[in-house]
Amino acid sequence: MIKRIFDFIASFLGIIFLLPIFLPVIFLVWIQDFSNPFYVAKRVGMNKKPFNMIKIRSMTINADKSGVLSTSNDDKRITGVGKFIRKFKLDELSQLLNVISGQMSFVGPRPNVTEEVALYSSEELELLNVKPGITDFSSIIFSDEGSILEGSRNPDLDYNQLIRPGKSMLGIFYIKNMNFILDIKLIFLTLLSIINRKKTLLKLSKIIEYYNGNKELVDLAKRESNLVPMPPPGMNEIIKSR
């Protein structure tokens with residue numbers, strides 16, 4: 001109940017406070033091609049219930065028709081304005097509307113598309129036991145997802161090999177330890193990461209240590225080593241095709 005009350009009040013105030021940013025960004029997206037500045041993304045929410053996640057459009061019209069689900073920094077579907085708003089995560093701000101409606105929470109595992117959820121292991125399905133969020137551990141640790149996939153010949157496969165395993169592990173870890181204080185810390189660190197990513201990752205690793213996370217998660221939070229292909233939680237083999 002406390003989480004829901006906080007989500008509603010904070011998202012409502014957030015929309016009012018961020019209007020001076022919202023309006024110019026929406027105008028810039030609209031004026032580049034005179035099309036809808038918003039993009040409605042189909043996602044799977046709590047208890048496998050589908051919902052429409054609202055994003056400020058950073059890609060060309062009908063970009064989703066390509067069949068490619070993962071996005072790298074050099075994806076040709078990203079517009080000129082889109083590169084800017086993706087860099088500062090401004091396309092995610094409109095999800096405050098999803099938080100107000102109760103479909104999402106401020107903090108929780110990031111929602112995924114139906115095609116990816118269909119590939120979840122039994123362990124990963126635990127991610128659907130709570131409301132998806134705007135931010136969480138993985139949102140900060142993998143905020144450079146576009147850079148990780150840059151130059152990839154198969155972004156969806158590389159996502160499933162390099163990002164999905166850690167992202168799912170961190171989401172499951174959050175669910176097991178979720179509490180109001182942790183949520184406040186993650187919101188603060190999300191903002192801090194825009195200013196100082198290295199310092200933020202170090203603080204995240206210490207939080208994971210505090211909640212008795214294993215060495216694999218602590219090291220992942222620091223992001224000091226190159227990502228290598230891994231099997232997702234609950235699976236024994238690395239994803240071979242996508």
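The values are calculated or read from the model by the stated rules, or taken from the named source; none is laboratory data. These numbers were taken from a predicted model, which means no experiment stands behind them. As a convention, Cβ positions derive from the backbone with ideal geometry for all residues, glycine included, and neighbour counts pool all protein chains shown. To get the accessible areas, we keep the full protein, side chains included, count just its heavy atoms, and leave off ligands, DNA and RNA. Shrake-Rupley method; radii C 1.70, N 1.55, O 1.52, S 1.80 Å.
Could you look through region 78-136, keep only residues that are buried (at least 20 other Cβ atoms within 10 Å of the Cβ) and among the aromatic types (Phe, Trp, Tyr), and pick out the one that is nearest to residue 187 (Cα to Cα)? Among them, the one singled out is 106.
Which one is least open to solvent (accessible area, probe 1.4 Å), of the residues in region 26-45 that are hydrophobic (A, V, I, L, M, F, W, C) and over 20 Å from the mean Cα position of the chain (by Cα)? Taking the candidates together, the pick is 29. Of all residues in region 145-162, those satisfying the criterion of being open to solvent by 40 Å² or more (accessible area, probe 1.4 Å) and closer than 19 Å to residue 84 by Cβ are 145, 147, 150. Among the residues of region 219-233, are any under 20 Å from residue 113 (Cα atoms), touching a Phe, Trp or Tyr at 6+ places or on another chain (Cβ under 6 Å) and at pLDDT 95 or above? No: zero hits.
A quick yes/no check of all residues on (1) more than 25 Å from residue 169 (Cα to Cα); (2) of a type in the set (D, E, K, R); (3) over 14 Å from the mean Cα position of the chain (by Cα):
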residue	(1), (2), (3)
57	yes, yes, yes
84	yes, no, yes
104	no, no, no
128	no, no, yes
138	no, no, no
149	no, no, yes
154	no, no, yes
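Of the helices (runs of 4 or more DSSP H) lying entirely inside region 146-242, the ones with 3 or more residues being within 28 Å of residue 2 (Cβ to Cβ) are found at 164-177, 180-195, 197-210. In region 170-182, the residues that are open to solvent by 20 Å² or more (accessible area, probe 1.4 Å) reach residues that are of a type in the set (A, V, I, L, M, F, W, C) and outside any helix (DSSP H, G or I) with C-beta atoms within less than 6 angstrom, at least six apart or across chains, in these pairs: 175/130.
Of the residues that make up region 18-31, is at least one of a type in the set (A, V, I, L, M, F, W, C) and outside any helix (DSSP H, G or I)? No: zero hits. Every condition in (1) open to solvent by less than 60 Å² (accessible area, probe 1.4 Å); (2) part of a helix (DSSP H, G or I) is met by residue 4 except one, and the failing one is (1). The set of residues in region 192-235 being open to solvent by 50 Å² or more (accessible area, probe 1.4 Å) and within 18 Å of residue 157 (Cβ to Cβ) consists of 226, 228, 229, 230, 235. The single condition among (1) closer than 16 Å to residue 146 by Cβ; (2) free of Cβ contacts under 8 Å to residues at least 60 places away in the same chain that residue 70 does not meet is (2).
Residue by residue, here is whether (1) hydroxyl-bearing (Ser, Thr, Tyr); (2) closer than 16 Å to residue 224 by Cα holds:
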| position | (1), (2) |
| --- | --- |
| 143 | yes, yes |
| 156 | no, no |
| 194 | no, no |
| 199 | no, yes |
| 203 | no, yes |
